[in-house]
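Chemist: Sharing a structure, written as structure tokens. Questions coming.
The values are calculated or read from the model by the stated rules, or taken from the named source; none is laboratory data. What you see is a predicted model, and the numbers here were worked out from it, not measured in a lab. Cβ sites come from the backbone with ideal geometry, for glycine too, and all protein chains shown count toward neighbours.
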Amino acid sequence: MFVIIKEDYDQMSLEGAKIVADRLRRKPNLVLGLATGSTPLGLYKELIRMHKNEGLDFSKVTTFNLDEYVGIPPEHDQSYHYFMKENLFKDLNLAPRFVHVPNGMAKDINTFCDWYEKRIKEFGGLDLQILGIGGNGHIAFNEPGSSLGSRTRVKTLDEKTLADNARFFDDETQVPKYAITMGVGTIMDAKEILLLANGEKKANAVKSAVEGPITAQCPASVVQLHQNVFVVVDKSAGSTLEGKYHDSWKRILFE
Ligand code: F6R
């Protein structure tokens, strides 16, 4: 595992974007796993900048998002479809047929989840999966206690998530209670993982994920078993780490 501690959020985002761009330049038909949330927004902005100013080409890239709410249509401003469109897809030259976000409106959700797994395999598997981490160590919607071997499936959202989300919806009945999420096992099958974290409120989760015991109580800790992981954090999120870590992946690999 390469742990890279950067000065601040912007530096973390640039470092993450450099890794993605490097993989894309080496493999134009990269299969890229994407996350929503506030953490990867800076990385996405940098990818857009590289696309517009440096001609970084996404036309052959396939994407698979980690998760989506059940019962929220793609046009809804709280859906992950909408989030991705607004924050990344609309500004890149991705081919729509290669873009995948779980379909929370699928009639038969279980069949859809099986299809999603098959679809990832059809494209040769995920080359690089981008991850954020929850304050409790979750990855995607795999909350503490999730099976470390789990595959794409429906999860019931926990009380805290429901309460946090309530403010984004007009009334309580609209707040999604379920989500489709890639499983921990699905994520672990990616050839490389790029886990990002910033801010003090992520420090304990990062410490548990990187230096704690491997346990379903911190689903992110499973990345310790993966062969090719970059953990890129800012100083605050890395503040409780005890190991001696690097500040650049290029230094690690080419020094
Ligand atoms: C997003 C996702 C979540 C987030 C995590 C961190 O698709 O699956 O696991 O990565 O909740 O969220 P932020 O980045 O908003 O702190």
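Chemist: Based on this model, can you work out whether residue 67 counts as surrounded by fewer than 18 Cβ atoms within 10 Å (Cβ to Cβ) and modelled with pLDDT of 95 or more?
Modeler: no
Chemist: While we're looking at this one, here's another question. Evaluate the following for residue 32: is it surrounded by fewer than 22 Cβ atoms within 10 Å (Cβ to Cβ), of a type in the set (A, V, I, L, M, F, W, C) and not in a loop (DSSP other than H, G, I, E, B)?
Modeler: no
Chemist: Do we have residue 207 as among the basic types (Lys, Arg) and touching a Leu at 6+ places or on another chain (Cβ under 9 Å) here?
Modeler: It is true that residue 207 is among the basic types (Lys, Arg) and touching a Leu at 6+ places or on another chain (Cβ under 9 Å).
Chemist: Here's another thing I want to ask about it. Quick one: which helices (runs of 4 or more DSSP H) sit completely within segment 67-165 and have at least 3 residues that are charged (D, E, K, R) and free of Cβ contacts under 8 Å to residues at least 40 places away in the same chain?
Modeler: In segment 67-165, 109-122, 159-165 are the helices (runs of 4 or more DSSP H) which contain 3 or more residues that are charged (D, E, K, R) and free of Cβ contacts under 8 Å to residues at least 40 places away in the same chain.
Chemist: Sort through 75, 117 and tell me the only one that's farther than 21 Å from residue 13 by Cα, modelled with pLDDT of 95 or more, away from the ligand (no atom under 16 Å from the Cβ) and under 17 Å from the mean Cα position of the chain (by Cα).
Modeler: 117
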